[in-house]
Structure formats: structure tokens, C-alpha cells
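Shown next, in C-alpha cells, is the structure this report addresses.
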């Protein structure tokens, strides 16, 4: 609880102690004014279907219908740098092939991020500090409250984002907890028309598990391949996309899943820098990785 309050106070201090800034839609940050709010908020809904290969699958949900609310706001720190505060809250409705009592199912996830960006003529570098809270149903023990912290860095151009990250999770699940998270995420944007873009993404995560006082052992890895289409409306844009998930857990059979989703994104205030919007609107789904990585044991 102390960690949650510390993180919440840190983000609140960032928001309350600074004025917000924004900018016109331009590849350079020089047009940004000093007192304009800019960012986006997004509503998203979809479905994720898992194909379970274990004998305990009858108690684990096959279908999830996630609904998320997310957004970000930015502030110009210097002529070439920005500070971004973002948050995402996801609720998971669970159905399909469940016997009582339900076991191993993520219920909700909350993500908070603080991002620092530095703009160059043809690229933008960034560092991100993130906190993820995920809640999972457990049958044989208390429901799990997982507190995860991630640190990542990346580089973006007008059409590509490459991000590397590390992190840890202090949640205990049946005497073990996940730690030493390592991941990378690659996104590529291909313009189709003046209003439409095709965005492909590849995400890969590895993390190890520690059993009591034993040495770290091989844990799980999750591979996500995604494809989505965005379409610009007059004052917003819509997105339709899908992901392919593969979770490997040691010698156990692979767990595979597929998802589709629809989202609506509305800009706030002045238009942000093009690369800033590209980065923030295409963050890797670390909350899903940690949540499903723990639940699919």
C-alpha cells in the first residue's frame, strides 16, 4: 500500500507543480507554446480468446472482453524536451468454459507512466518509468495483487518505434513471484492514404520466476504480433486491430490466443508533436503481458 501511495503522490506532484504545454502538429517541437494542454484520451473494447492446453483449463476463462479507458497529457520542459503523464485502466469480463470456483483469471489492471522525450531533427528518444497494478483471481490462495515496475528506453522516427525495457513484480502467487522482466517492442507505421494508416507491432517478453529461497528458474515468455488500422475523423480517429498471443511456460504446452479490438481516440487541446503522438498512442501492452503471464500458469 505504501508503494501505491508513493507512486500516486509522485504523479500528483508532477501534475500540480507544473503548467502544461502543447504544440501544433509538426515534426519539430519549436512551434509549441508554453501554456497549452495537449494529449489524447481513448476508449477501447474487444475480445481475447485463449486456447488452453492444460487439465486445469476448465476453471480458467477462455474468453475475455476487456474494456479500457486511457489517456495522456504532456508538458514542454525545454525547447527540445517533453514530460508526459499517462494512465490506463482496464476491466476484464470473463466467460467461456468456467467451472466454480473460478481460478487463474485477471480481473483488472491499472497502468501509470511518466515519460521523458527528447526531440532531434529526424528522431525522438525517450525514457519511460511505469507502474502496473493487476488483480488476479486465485482459487487455492488469496486473490493476487501484483505490483510491477518497469523502466524502458526507446527511439522513434516518423514511421518506427523501437523500445527496450526491464522490470520486476513483487507479487507472490502460490509461493513464487515473477522478477527480472526483459522485453522489447517494435512498431512500424505505413500510411495508406491521407486519413488511413496501417501499424504493425511485435512484442516479446521474457521473465524468470523465483521459488521460495531456490535460485531463479526459467519462467515464461510471451510473444505478441499485432496489426491495426487507424482512420482519421474530423476531430478524432478510430482504430480496429487484432493481436496474436503465444505464452511458453517451461516444458508445459504453449498457450495461444487471439484478440480483436476497436477504439476511439480524441485529442485534447492543441495538436501534439507527430512523433510524440505516435509513441504515446502505440505503447506496448505490458499490463496484458504481466497479467496474462501470471494467470496462465
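The values are calculated or read from the model by the stated rules, or taken from the named source; none is laboratory data. Being a predicted model, the structure only gives us computed values, none of them experimental. Methodologically, a virtual Cβ is constructed for each residue, glycine included, from the backbone with ideal geometry; neighbour enumeration extends over all protein chains shown.
Values for this structure:
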| read-out | value |
| --- | --- |
| Pick from region 273-284, criterion under 23 Å from residue 66 (Cβ atoms) and at pLDDT below 90, ranking: surrounded by the fewest Cβ atoms within 10 Å (Cβ to Cβ) | 283 |
| Members of region 244-270 found to be free of Cβ contacts under 8 Å to residues at least 60 places away in the same chain and in contact with a strand residue (DSSP E or B) (Cβ under 6 Å, 6 or more places away or on another chain), listed by number | 244, 246, 247, 248, 249, 250 |
| Strands (runs of 3 or more DSSP E) enclosed by region 193-262 - at least 1 residues per element that are closer than 25 Å to residue 63 by Cβ, modelled with pLDDT under 95 and in contact with a helix residue (DSSP H, G or I) (Cβ under 6 Å, 6 or more places away or on another chain) | 196-211, 217-232 |
| Candidates 102, 82 - the one that is modelled with pLDDT under 90 and within 25 Å of residue 132 (Cβ to Cβ) | 102 |
| Which numbered condition residue 270 fails, given (1) modelled with pLDDT under 90; (2) surrounded by fewer than 17 Cβ atoms within 10 Å (Cβ to Cβ) | (2) |
